[in-house]
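Here's the structure, in structure tokens; my notes come after.
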There are 2 protein chains.
Amino acid sequence: MSRTLDADALDQLFRSARTHNAWLPTPVHDDELRALYDLMKWAPTSANCSPARLLFLRTREAKERLRPALSPGNLDKTMSAPVTAIIGHDMTFYDKLPQLFPHADARAWFAGKPELIQATAFRNSSLQGAYLMLAARAIGLDCGPMSGFDAAKVDAEFFAGTDIKTNFLCNLGHGDPAKLFARSPRLAFDEACTLL
Amino acid sequence: MSRTLDADALDQLFRSARTHNAWLPTPVHDDELRALYDLMKWAPTSANCSPARLLFLRTREAKERLRPALSPGNLDKTMSAPVTAIIGHDMTFYDKLPQLFPHADARAWFAGKPELIQATAFRNSSLQGAYLMLAARAIGLDCGPMSGFDAAKVDAEFFAGTDIKTNFLCNLGHGDPAKLFARSPRLAFDEACTLL
């Protein structure tokens, strides 16, 4: 049976981890991005549909393609981050269900149902984006997620001719703890949760 | 600087963790649900908006209220789980932004913008649902998330007279490893990810 992880691990994943806006020059290597994916891929999606599609922008050239879509407040931190992940979802994710969910005709649950496709793609790519962030922290990286950008511009620049739509962005690297803002409060248990 | 968590922790969070459908009789105590929330609450949401609202159904009476909304395939495992969490989002989450994001008038970014409210509530409560699952695993619990249910019925039964809408359900407890199905495959790195 599993036990509670040690306090240092809980701190690293949740309690001490912070959203970063300034980055140390420490690079992020491609093998770290592969390790990140090899953790996050295992966490659950509905019918194992795994709709997330990830672009990891590591080069100056790739970052410059993203620049026109960024909101002013997200510009400097994104251009200076070692890696920016674009988390998108494939709106034809169900075409991969014969591979991903081979024991039933799960493709038929979705095909031709645009509202269910949209909700499933968006919900599950968001779950996978959260898994990405916690997997990044689990391998010692810091995150800076953002939804302040022009999604239509990102789609046009990076996903033209595909069925992939952008969900959100997340900078990855080693954050500079000296440049953190004060932490904002969270809702108390009784403000967010009810025991029934 | 953070390091990679040890292999046992990565197994417990990602690599060995499974979605469970059958539950051992081991109870889940209320203090575990409080510990779960006290981890997940720290993980990031946009503008710290924290839209997730959680109902933890622990009693027979609460489970019976959920029963009519469950799809047949999710019925037995949900009725037998020690706890079922309903993960919803508050569509007036922005009214709490003066408390949660006190250094700017963030409420004004959302008020009167229904499409942005919907996308923000859904994206961020999905992120928080993923944080809930990984926090549960981090404290030694197993998860069984589900989106196969009648959300309108859940809203009517549990959230009538509020601005909260149901996102998904997640059983919590100690899974029976003897009753797991074979694990389904995941997409390879090159099927889901691109390095740019």
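The values are calculated or read from the model by the stated rules, or taken from the named source; none is laboratory data. None of these values were measured; they are calculated from a predicted model. Neighbour counts run over all protein chains shown; Cβ positions are idealised from the backbone, glycine included. Areas reflect the complete protein model, heavy atoms only, side chains present, ligands, DNA and RNA absent. Shrake-Rupley method; radii C 1.70, N 1.55, O 1.52, S 1.80 Å.
Name the pairs: first residue in segment B:6-28 and within 9 Å of another protein chain (Cβ to nearest Cβ), second residue open to solvent by 30 Å² or more (accessible area, probe 1.4 Å) and not in a loop (DSSP other than H, G, I, E, B), Cβ to Cβ under 7 Å, at least 6 apart or on different chains?
Note: pairs meeting the criteria are B:Thr19/B:Pro145.
Kindly indicate which of A:Arg137, A:Arg186 is part of a loop (DSSP other than H, G, I, E, B) and among the charged types (D, E, K, R).
A:Arg186
For segment A:111-143, how many residues meet the condition of being in contact with a Gly (Cβ under 9 Å, 6 or more places away or on another chain) and within 23 Å of A:Ala7 (Cα to Cα)?
Looking only at that region, the number is 4.
For the condition within 17 Å of the chain's Cα centre (by Cα), more than 30 Å from B:Lys165 (Cβ to Cβ) and within 12 Å of chain B (Cβ to nearest Cβ), what is the one hit in A:Phe56, A:Phe122?
From the options A:Phe56, A:Phe122, the qualifying one is A:Phe56.
Those residues that are touching a residue at least 24 places away in the same chain (Cβ under 8 Å), within 10 Å of chain A (Cβ to nearest Cβ), open to solvent by less than 20 Å² (accessible area, probe 1.4 Å) and not aromatic (Phe, Trp, Tyr), I need them from segment B:159-195; list them, please.
B:Asn167, B:Cys170, B:His174, B:Gly175 - these are the residues of segment B:159-195 that are touching a residue at least 24 places away in the same chain (Cβ under 8 Å), within 10 Å of chain A (Cβ to nearest Cβ), open to solvent by less than 20 Å² (accessible area, probe 1.4 Å) and not aromatic (Phe, Trp, Tyr).
Checking A:Arg34 against (1) facing chain B (nearest Cβ under 9 Å); (2) closer than 21 Å to A:Phe168 by Cβ, which single condition isn't satisfied?
Status for A:Arg34: all satisfied but (2).
Here are some residues: A:Asp76, A:Asp95. Which one is open to solvent by 30 Å² or more (accessible area, probe 1.4 Å), among the acidic types (Asp, Glu) and either part of a strand (DSSP E or B) or touching a Lys or Arg at 6+ places or on another chain (Cβ under 8 Å) (or both)?
A:Asp95
Kindly indicate which of A:Asp150, A:Asp155 is touching a strand residue (DSSP E or B) at 6+ places or on another chain (Cβ under 6 Å) and either open to solvent by 20 Å² or more (accessible area, probe 1.4 Å) or within 13 Å of another protein chain (Cβ to nearest Cβ) (or both).
Working: A:Asp150 fails: touching a strand residue (DSSP E or B) at 6+ places or on another chain (Cβ under 6 Å).
After applying the criteria, what remains is A:Asp155.
With the requirement that a residue be open to solvent by 30 Å² or more (accessible area, probe 1.4 Å), under 21 Å from A:Trp42 (Cα atoms) and in a loop (DSSP other than H, G, I, E, B), what does segment B:12-26 give you?
B:Ser16, B:Arg18, B:Asn21
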